[in-house]
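Taken together, the values in this text are just the output of simple stated rules run on the coordinates, not laboratory data. Everything quoted here is computed from the prediction, not taken from an experiment. Using ideal geometry, Cβ is built from the backbone for each residue, glycine included, and neighbour counts are taken over all protein chains shown.
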Amino acid sequence: MDISMLVTVGTSVVAVVGTLAGTLLAGWMHSRSARAAQAVADAKARRSEVLSTVTALVQALGDHRRAQTVRARERDRVLSLAGDVAAADGQYTPAVHQTRSAITGPSITLRIICPELAEAAARAVGATFAIRGAESIADVEHLRLQSKLACDALVVEAGRILARDA
């Protein structure tokens, strides 16, 4: 085999190896790019889901807080008139049960999709449910304020976590 033949074969081998290397590199880069794009899409979807779940939970807690407060005020009004407290409670109890039930879904979803918020969510739920045990209208107002503050703390914590993950 003469030298020109070796050069031709060598050049062909180098060209084939270069083409294969380029193809492999392009495939690897495309794969990494696709994974990065998928990770960004997943993060956006998670962020959106956490945001909508926190919003739903805070809204449900607000509705329950309002229902508890209305029931307590009506109960106090009926007591001041020496009326039938059981009848007053009966009128508002279904609404209170409905609003309390509406808290369960977003609360569980939030604990599953964002365990970092579970403690703040539990504090907000607990503070809202505590209104039921109020002894007086002054207690109701105090516990209502505590519930609002706990809900605000949940929102702040969610914002911190979502900003960190952005």
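What ranking do E141, E119 get, fewest neighbouring Cβ atoms within 10 angstrom at the top?
Placing the least packed residue first, the sequence is E119, E141.
With a sphere of radius 13 Å drawn around the Cβ of T55, what net charge do the other residues whose Cβ falls strictly inside it have (Lys, Arg +1; Asp, Glu -1)?
Once positives and negatives cancel, what remains is -1.
Using a/c under 1.5 as the rounded threshold, could you call the range 43-165 rounded, prolate or oblate? The axes a ≥ b ≥ c are square roots of the C-alpha gyration tensor eigenvalues, and prolate needs a/b larger than b/c, oblate otherwise.
Prolate, because a/c is 1.5 or more and a/b exceeds b/c.
Between the range 37-53 and the range 1-17, how many Å separate their Cα centres?
The range 37-53 and the range 1-17 have Cα centres separated by 53 Å.
Cα gyration tensor of the range 89-147, axes a ≥ b ≥ c as square roots of the eigenvalues: rounded (a/c below 1.5), prolate (a/b > b/c) or oblate?
In terms of gyration-tensor shape, oblate.
Roughly how tilted is helix 3-80, in degrees to the nearest 10 and between 0 and 90, from the longest Cα axis of the chain?
0 degrees
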